[in-house]
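I have placed the structure first, in the form of structure tokens, so that the comments after it can refer back to it.
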Amino acid sequence: MTTVPTVTLNNGVTMPQLGFGVFQVSNAETSEVLSHALKAGYRSIDTAAVYGNEEGVGQALAEATVPREDLFITTKLWNSEQGYDATLRAFEASLAKLKLDYLDLYLIHWPTPARGLYVDTWKAFGKLLADGLVRSVGVSNFQPEHLRQAIDATGVVPAVNQVELHPYLTQEPLRAFHAEHGIATEAWSPLGQGKGLLGDPAIAEIAANYDRTAAQVVLRWHLQLDNVVIPKSATPSRIAENFDVFDFTLADADVEALSALNQDQRVGPDPDAFNQA
Ligand code: NAD
């Protein structure tokens, strides 16, 4: 069985560098999809309250034979539950749906800056960490300004910032901020949601040189940049393909060529403007 490399977070907790995302997997199909992912070797699973499949994830984990300590489970607090007390309640609800007694990583899903609640929310995350209910706490879709505000108010540095990141959106300034503050960069939509990115001729050419698929080359690019990645697929062959990325290495020139595809092009919302509750 392949051992996935880990990154060591700023509190000493280790996190698998490759995990499995379950966005847009229905609650009903989650159990089957996750059984394929666990069989392929994934041990890190990324869900969110708003995905509506925490119960499906919990069911799959309860049925799996993998020991709890070998798993790394992440979920996220949805925007409507921000605020100190609401966060603590939402955390309990997520934990119950997941049928777990602790989480490995809990994230604030979006800062929703216009609502002005993410600092209070982050204080509640500090309590969950201090109470031992989560092994690590982080954020998602935070820009440097949001990170600064959260850190300055609490002294707690997020272990992770999970952001949209792929060769069309390389997020260089944000990654530099993370490096400076000891925050791990986790890439969501690491394959650009499989849309135009995986059909890019430059990626196809590099993939052909390594006799690999475009998805595998893009995942390798992430790994060699030290990003944590959580690709999603509901197709068993692709679930296995996306895990089969540990027996080849891209030359530095190819890593650079992939980075040079950056267009600052998002597939998802702009975190500064997204304030949906
Ligand atoms: P992704 O980049 O992982 O792309 C997934 C899609 O790419 C699949 O639905 C499929 O169409 C295609 N695909 C997957 N493997 C392929 C392969 N080997 N060959 C060809 N096509 C392939 O996009 P995503 O699902 O948006 O992101 C991954 C995970 O990130 C999500 O499941 C979720 O856990 C997380 N996420 C987080 C946020 C956030 O705001 N924090 C937002 C979006 C996603």
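Every number in this text was worked out from the coordinates using simple rules, so none of it is lab data. Everything numeric in this text was worked out from a predicted model, so none of it was measured. Cβ atoms come from the backbone with ideal geometry, glycine included; neighbour counts cover every protein chain shown.
For Ala187, state whether it is within 14 Å of the ligand (Cβ to nearest atom) and either within 21 Å of Pro5 (Cα to Cα) or small (Gly, Ala, Ser) (or both). Full working, then the answer.
Values: within 14 Å of the ligand (Cβ to nearest atom): yes; either within 21 Å of Pro5 (Cα to Cα) or small (Gly, Ala, Ser) (or both): yes.
It is true that Ala187 is within 14 Å of the ligand (Cβ to nearest atom) and either within 21 Å of Pro5 (Cα to Cα) or small (Gly, Ala, Ser) (or both).
Among the numbered conditions (1) among the charged types (D, E, K, R); (2) in contact with a helix residue (DSSP H, G or I) (Cβ under 9 Å, 6 or more places away or on another chain); (3) buried (at least 18 other Cβ atoms within 10 Å of the Cβ), the only one that Arg68 does not meet is (3). Against the test of being under 22 Å from Pro113 (Cα atoms), within 12 Å of the ligand (Cβ to nearest atom) and either among the β-branched types (Val, Ile, Thr) or touching an Asp or Glu at 6+ places or on another chain (Cβ under 8 Å) (or both), the options Val139, Val157 yield a single qualifying residue, Val139. Within the range 198-215, restricting attention to residues that are under 14 Å from Asn242 (Cβ atoms) and either among the aliphatic types (A, V, I, L, M) or touching a Pro at 6+ places or on another chain (Cβ under 8 Å) (or both), the residue that is surrounded by the fewest Cβ atoms within 10 Å (Cβ to Cβ) is Leu198.
Among the residues of the range 84-119, the ones that are assigned to a helix (DSSP H, G or I), of a type in the set (D, E, K, R) and surrounded by fewer than 17 Cβ atoms within 10 Å (Cβ to Cβ) come to 4 in all. Looking across the range 12-40 at every residue that is in contact with an Asp or Glu (Cβ under 9 Å, 6 or more places away or on another chain), away from the ligand (no atom under 13 Å from the Cβ) and not in a helix (DSSP H, G or I), the one that is nearest to Val245 (Cα to Cα) is identified as Gln17.
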